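The values are calculated or read from the model by the stated rules, or taken from the named source; none is laboratory data. Quick caveat: nothing in here was measured; it's all calculated off a predicted structure. When we count neighbours, we look across all protein chains shown, and the Cβ atoms used for this are built from the backbone with ideal geometry, even at glycine. Ligands, DNA and RNA are stripped out before the accessible areas are found, and what is left, the full protein with its side chains, is counted by its heavy atoms. Shrake-Rupley method; radii C 1.70, N 1.55, O 1.52, S 1.80 Å.
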Amino acid sequence: MPQITITEIFRLSETALAAHGADAAIAAEMARAIAWAEARGNRICGLYYLESYCQQLRSGRVDGRAVPKISRPRASELRVDAAHGFAQTAFAAALPQALQAARDTGLVSLALHHAHTCTALGYFTEQIAKGGALGFGLTNASPIVAAPGGKTRVIGTNPIAFAVPDGQGGVAMMFDQSTTTVALGRITMAKAAGEPIPEGWAVDADGRPTTDPDAALSGSLTSAGGYKGWGLGLMAEILAACLGGGVLSRDVKPLKAPEGAPHDLGQYFLIIDPGQGDFFDRLSGLAEVVTQDDGARMPGAGRVPADTADVPEALWQQLRALAGETP
């Protein structure tokens, strides 16, 4: 398996996206998001998505030249029409204003709508934390989760992410997770590898537990922690779709399909300024309690992004081909 530098992953991804119709600035932002995910071992949100980005740029399912429109209907509310472009570029356009609004008001909501899938929510909340604020993000996705005890797909994997600043331009804590037992990509990767999945990850089309990835993909994923995860998934649905202005998971088409209507998703963020009090002293005290045992840590704390990533040979050749560098 080739080991590729993150710098090279960024370069080839940027070249591929530009070659398939993305403006230079948009191609660079999306390549940063891909490289960010690969540097953290998150291939599902990295190179795994590049081919579909390129295909959808060509088909028009995502607009590689979209110009986001930012409005501020209230002092503590920003809304961004992503114009059926990438969520990452719409977020980048609004973030400076959103951080300033949080400093002015204490807390601001930032809602993106008419947006493409955002893949890794942590990419967004980390930027909020590095900007000095606490960031909470949610989104929804194509339907793949039934209610506990049911069999009809209602919501998506509906991830949530949270990041906390350390007061020195870094991140004290961060997590990014789906509200399902596993991400959908884990099922598709098991199918591609011809491997079974653990019981508890999914149910088949009749609502029965299954270890067959094909049956899982025809059925539903399970919510993490049963009813508890189901509630969190519905929370993400309500904030991202109902309040944020995206479509319901029920109406989201398969995200990686090369053609079709734009994703039209919503992403919702709460940006909280820690103020001038003793927040960071209290946070430091909490971290001491959490890490008092060997091996215990604050989620995401001290994690250093890798300089290289192991890229499967087929994916490496696909990346080169998309960038027009096939030997």
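With a 10 Å radius around each residue's Cβ, average the other Cβ atoms per peptide and rank 9-16, 169-176, 71-78, highest first. Spell out each step's value before the answer.
Details: 9-16: 22.1, 169-176: 17.9, 71-78: 13.4.
Per-residue mean Cβ counts within 10 Å order the peptides as 9-16, 169-176, 71-78.
Of ILE238, ILE4, which has the most accessible area and how do the rest follow, probe 1.4 Å? All intermediate terms of the calculation are to be shown ahead of the outcome.
Details: ILE238 95, ILE4 15 Å².
Result of the area sort, largest leading: ILE238, ILE4.
For segment 1-85, max minus min Cα coordinate along each principal axis, in Å, sorted largest first?
Result, largest extent first: 51, 29, 19 Å.
Can you give me the pair-distance distribution of segment 24-159, C-alpha pairs, 10 Å bins, whole percents?
12, 38, 34, 15, 1
Note the full-extension length gain between ARG32 and LYS130 as 0.36 nm times their separation in residues minus their Cα-Cα distance, in nm to one decimal. Mind showing how you got there, number by number?
Values: separation 98, 0.36 × 98 = 35.28 nm, distance 1.58 nm.
Once the chain is fully extended between ARG32 and LYS130, it gains 33.7 nm.
How large is the accessible surface per residue of segment 179-294, computed with a 1.4 Å probe and reported in Å² as a whole number? Before the final figure, lay out the partial values.
Numbers: 6270 Å² over 116 residues.
For segment 179-294, the per-residue accessible area is 54 Å².
Heavy atoms only, 1.4 Å probe, whole protein assembly: order LYS191, LYS228, LYS256 by accessible area, highest first. Please list the in-between numbers first.
On the way: LYS191 100, LYS228 165, LYS256 75 Å².
Largest to smallest exposure gives the sequence LYS228, LYS191, LYS256.
Please give the solvent-accessible surface of ASP273 in Å², to the nearest 10, using a probe radius of 1.4 Å with every protein chain present.
So the heavy atoms of ASP273 present about 40 Å² to solvent.
Within the chain, which whole H helices from DSSP have a Cα span along their axis of at least 18 Å and a mean Kyte-Doolittle hydropathy of -1.0 or more, if any? Please list the in-between numbers first.
On the way: long enough: 6-19 (19 Å, 0.79); 24-39 (22 Å, 0.92); 87-105 (25 Å, 0.17).
Helices meeting the criterion: 6-19, 24-39, 87-105.
Inverting the mean 1/r over all pairs of different Cα atoms, compute the Kirkwood radius of segment 134-285 and quote it in Å. Could the numbers behind the result be given before it?
Numbers: mean 1/r = 0.0599 Å⁻¹.
Taking every pair of different Cα atoms in segment 134-285, averaging 1/r and inverting gives 16.7 Å.
Can you give the net charge of the other residues whose Cβ lies under 13 Å from the Cβ of ASP214, counting K and R as +1 and D and E as -1?
On the way: positive: LYS191; negative: GLU195, ASP204, ASP212.
Result for the neighbourhood of ASP214: -2.
Whenever you get a sec, compute what percent of the accessible area on the chain sits on carbon and sulfur atoms (1.4 Å probe). Intermediate values should be presented prior to the final figure.
On the way: 7860 of 14620 Å².
The C+S portion of the solvent-accessible surface of the chain is 54 percent.
Rounded if a/c is under 1.5, else prolate if a/b is larger than b/c, else oblate: which is the chain, with a ≥ b ≥ c the root eigenvalues of its Cα gyration tensor?
On the way: a/c = 1.28, a/b = 1.13, b/c = 1.13.
Rounded shape, in that the Cα axes give a/c under 1.5.
Once ligands and nucleic acids are excluded and a 1.4 Å probe is used, how much of MET189 is accessible, expressed in Å² to the nearest 10?
Here the accessible area works out near 90 Å².
Using the structure shown, list the pairs from LYS191/LYS256; LYS69/LYS130; LYS130/LYS253 with a Cα-Cα distance above 26 Å, or answer none. Could you put the intermediate results ahead of the total?
Values: LYS191/LYS256 16 Å; LYS69/LYS130 24 Å; LYS130/LYS253 33 Å.
Beyond 26 Å between Cα atoms: LYS130/LYS253.
Calculate the length of the line joining the C-alpha centroid of segment 272-308 to that of segment 199-224, in whole Å.
36 Å
7 Å from Cα along Cα→Cβ at both ASP307 and GLU195: what's the point-to-point distance in nm?
Each label point lies 7 Å from its Cα, and together they span 2.9 nm.
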